[in-house]
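Notes to accompany the following structure.
The values are calculated or read from the model by the stated rules, or taken from the named source; none is laboratory data. The shown structure was predicted, so the numbers you read here are calculated from the model rather than taken from an experiment. Positions of Cβ are generated from backbone atoms using ideal geometry, with glycine treated the same way; all protein chains shown enter the neighbour counts. Note: areas computed on protein heavy atoms with side chains; ligands, DNA, RNA excluded. Shrake-Rupley method; radii C 1.70, N 1.55, O 1.52, S 1.80 Å.
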Amino acid sequence: MMKNTNGKTGLFIPGPTNIPDCVRQALNVPMQDMRAPDFGDLTLPLFADLKKVFKTETAEVFMFPGSGTAGWESCLSNLFSSGEKVLMSSFGQFSMLWVDMAQRFGLNVHHCEVEWGLGIPHEEYRQILEKDTNHEIKGVFACHNETATGVASDIGAIRSILDELGHPALLCVDGVSSIGSLDFRMDEWGVDVVVSGSQKGFMLPTGLAIVAVSQKAMEMRGEANLPRTFLSYDDMMKTNVTGHFPYTPATQLFHGLRASLDFIFEEGLENVIARHTRLAHAVRAGVHAWGLELCAKESENYSDTVSAIVVPAHIDSAEVLKTAYYKYNMSLGAGLNKVAGKVFRIGHLGDLNEIMIVQALAGAEMAMRDCGINIELGSGVAAAQETFIDQTAAASIAA
Ligand SMILES: *Cc1c(COP(=O)(O)O)cnc(C)c1O
């Protein structure tokens with residue numbers, strides 16, 4: 001099939017996300033000397049402003065050239081030792097890959113395998129931690145927002161369990177598809193490490209692993225014996241003091257990050273989060289109107305950044321994606337691994353608004369119909385429109 005290339009390609013995947021024009025333009029700057037004495041004028045405010053996004057006053061923030069996966073690796077290699085016990089769970093492609101990485105690093109992973117569509121198994125975590133009276137478990141890992149299944153989990157609840165049990169394990173969180181889009185409170189939730197990347201909520205090209213590490217975790221790194229060089233927190237810290245880096249940083253991305261942080265703060269972080277909730281409600285209203293189910297099984301776990309939509313059993317969701325891509329010039333998210341062929345995803349994070357959500361739903365409806373799914377055209381679109389109109393009405397009454 002020939003791809004329709006007219007107009008803008010609709011990008012409705014959960015990362016990389018759409019880049020606002022002001023950010024794209026900010027990326028277009030000449031190269032500069034990363035050892036210049038005033039380089040810190042660009043970078044030091046970035047570290048300070050990233051703390052606002054993570055909602056931390058005390059953590060160390062790191063920016064490594066890399067993607068979110070490098071952030072995971074920095075957490076493991078700087079803070080843990082080979083053979084050390086950690087508690088992890090998997091319920092989707094991303095939580096699963098972090099487990100795989102920890103195993104490849106030789107950690108002794110207590111791996112809770114959870115049905116895809118559910119979230120972090122809090123009760124199971126509690127029982128395991130309760131039995132660990134010698135505190136052999138050094139890290140508790142949590143994927144805040146499982147992008148493969150559209151499942152968000154309660155991180156504060158894990159902190160409560162650790163506190164109730166007086167368990168000192170580090171709480172390490174994958175926030176790659178939640179930071180800057182979903183409510184996240186590093187200090188309040190006592191998160192020790194949070195990993196994110198530039199190409200999702202930060203609305204930038206891929207290329208930065210952005211990680212925040214608590215002082216408690218920083219103190220553990222001396223004892224941790226896994227090898228680390230490129231991703232060493234120590235090497236970074238030595239040079240970051242003056243806003244410099246131990247090797248060549250991704251300078252253009254820093255300019256982009258400046259623009260994206262300004263863009264986020266101009267809207268207001270809380271408004272950004274509320275917008276994600278609003279847009280997600282509309283998508284879910286659309287899915288409901290189609291008579292389809294989400295991969296996420298419990299409504300309290302519905303993700304406000306991505307929805308994974310289950311297609312009828314006789315349909316291959318890859319066909320829906322292909323049709324959307326070639327015929328309607330739009331990208332939807334694929335089903336990954338265990339849910340390949342069974343779901344397609346609508347990414348609704350980053351630089352998006354109401355009209356774009358309506359477009360996404362309209363395109364998905366046409367592609368699904370083309371593939372033989374019995375969808376009433378316009379049904380999802382109308383349901384989403386209703387949620388937007390209701391809110392506009394509510395807002396104008398309030399004003
Ligand atoms: C995208 C994603 C990752 C992987 O990040 P990369 O930037 O692709 O390396 C990890 N975890 C989650 C939850 C993600 O959505």
Report the paramagnetic label zone for R24: residues of segment 353-392 whose backbone N is under 16 Å from a point 7 Å from Cα along the Cα-to-Cβ axis. 353, 356
For the chain, what is one quarter of the convex hull surface built on the Cα atoms, given in nm²? 20.7 nm²
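Dividing the convex hull volume of the Cα atoms of segment 109-235 by its residue count, what figure in Å³ per residue is obtained? Kindly include the intermediate steps, with their values, before the conclusion.
Numbers: hull volume 15.7 nm³, N = 127.
Convex hull volume per residue, Cα atoms: 124 Å³.
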Sketch the reach of a paramagnetic label on I128 as a point 7 Å from Cα along Cα-to-Cβ, and name the residues of segment 65-97 whose backbone nitrogen lies under 13 Å away. 85-91, 96
Most fluctuating residue of I389, I161, I357 in a GNM of the chain with Cα springs under 10 Å: which is it? I389
Out of the GluC sites (Glu not before Pro) in segment 288-383, which ones are loop residues according to DSSP with at most 15 other C-beta atoms within 10 Å? E298, E376
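Find, among the trypsin sites (Lys or Arg not before Pro) in segment 1-53, those assigned to loop by DSSP (not H, G, I, E, B) with at most 11 other beta-carbon atoms within 10 angstrom. Could you put the intermediate results ahead of the total?
Numbers: sites: K3, K8, R24, R35, K51, K52; in loops: K3, K8, R35.
Within segment 1-53, the qualifying trypsin sites (Lys or Arg not before Pro) (loop, at most 11 other Cβ atoms within 10 Å) are K3, K8, R35.
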Test of the criteria: in segment 59-116, which GluC sites (Glu not before Pro) are in a DSSP loop and have at most 16 other Cβ atoms within 10 angstrom of their Cβ? E115
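Multiplying the sequence separation of Q32 and F265 by 0.36 nm and subtracting their Cα-Cα distance, what value in nm do you get?
Values: separation 233, 0.36 × 233 = 83.88 nm, distance 2.62 nm.
Value of the extension gain: 81.3 nm.
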Under a straight-distance cross-link criterion of Cα-Cα below 20 Å, which lysines are reachable from K131, leaving out those fewer than 8 residues away in the same chain? K85
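Stokes-Einstein at 20 °C, 1.002 mPa s, Kirkwood radius from Cα pairs: D for segment 28-252 in µm² s⁻¹? List each step's numbers first, then the result.
On the way: Rh = 17.7 Å.
Stokes-Einstein gives a translational diffusion coefficient of 121 µm²/s.
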Please list, in order along segment 242-255, the HN-Hα scalar couplings obtained from phi with the Karplus expression 6.51 cos²θ - 1.76 cosθ + 1.60 (θ = phi - 60°), rounded to whole Hz, x for Gly and Pro. 9, x, 9, 9, x, 8, 5, x, 8, 4, 4, 5, 5, 5
Hits in segment 264-281: amide N under 16 Å from the 7 Å Cα→Cβ extension of S299, namely 278, 280-281
For segment 332-393: Kirkwood Rh in Å [reciprocal of mean 1/r, alpha carbons]: 12.9 Å
Shape verdict for segment 1-159, please, from the Cα gyration tensor: rounded (a/c under 1.5), prolate (a/b greater than b/c) or oblate. oblate
Per residue convex hull volume, Cα only, segment 163-276, in Å³ is 130 Å³
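Kindly state, to the nearest 0.05, the FRET efficiency for D163 paired with M2, given R0 = 56 Å and r defined as their beta-carbon distance. Present the calculation step by step, with values, prior to reporting the outcome.
Values: r = 58 Å, r/R0 = 1.04.
Efficiency, from the Cβ-Cβ distance: 0.45.
Which of rounded, prolate, oblate describes segment 226-363, given a ≥ b ≥ c as roots of the alpha-carbon gyration tensor eigenvalues and a/c under 1.5 marking rounded, otherwise prolate only if a/b is larger than b/c?
Details: a/c = 2.35, a/b = 1.80, b/c = 1.30.
Cα axes put segment 226-363 in the prolate bin.
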Restricted to the chain, the DSSP antiparallel beta bridge percent, nearest 5, is 50 percent
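Using a 1.4 Å probe, what is the accessible area per residue for segment 277-399, in Å²? Can you show the working numbers first?
Details: 5490 Å² over 123 residues.
With all protein chains present, segment 277-399 gives 45 Å² per residue.
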What number, rounded to the nearest 500 deg cm²/dmol, is the helix-based mean residue ellipticity at 222 nm of the chain, given -39500 (n - 2.57) per DSSP H run of at least four residues and division by all its residues? -13500 deg cm²/dmol
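Report for segment 91-220 the percent antiparallel among DSSP-assigned beta bridges with both residues inside it, nearest 5.
For segment 91-220, the DSSP antiparallel bridge percentage is about 45.
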